[in-house]
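Q: My structure is below; once you've seen it, I'll send some questions.
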Amino acid sequence: MFTTTNAARLAALALSLGFVAATTQLAAAGWAQNHPRRAEVNARLTLQNWRINQAEKHGLISPGQANALHAQDRFIRKEERFDASFNGGHITRSEQKSLNQQENGVSSKIP
């Protein structure tokens, strides 16, 4: 027999399960790292990271310059993740263009 207390508990349980399911789906959607625009931006950042390391390794830039360039790339990566958090894990074309322009600025500083 259902009492008011049992009905309230059942409703609370159903509501809790709904929140868990919704949170899980949003978390999965929030990290759509394989989206083509995100993949392109992140691939460029990975390549730039390698180029900075190579330039430092071969003495073309100082460790301080390398750290500054890495910091700029980290900022771009954080901005990409921030932008994606508002679009279901995706970035818009205009956001991609802005991120690419920022990457071009860093890239021009790498010998």
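Q: Say we look at the range 58-109 and pick out the residues that are assigned to a loop (DSSP other than H, G, I, E, B) and modelled with pLDDT under 95; which of these is surrounded by the most Cβ atoms within 10 Å (Cβ to Cβ)?
A: Taking the candidates together, the pick is Ile91.
Q: Could you list, in sequence order, all residues of the range 66-89 that are closer than 16 Å to Ala39 by Cα and out of contact with any Asp or Glu (no Cβ under 9 Å at 6 or more places or on another chain)?
A: The answer is Arg74, Arg77, Lys78, Arg81, Phe82, Ser85, Gly88, Gly89.
The values are calculated or read from the model by the stated rules, or taken from the named source; none is laboratory data. What you are looking at is a predicted structure, and each value in this text was computed from that prediction instead of being measured. Every residue, glycine as well, gets a Cβ built from its backbone with ideal geometry; the counts of neighbours run over all protein chains shown.
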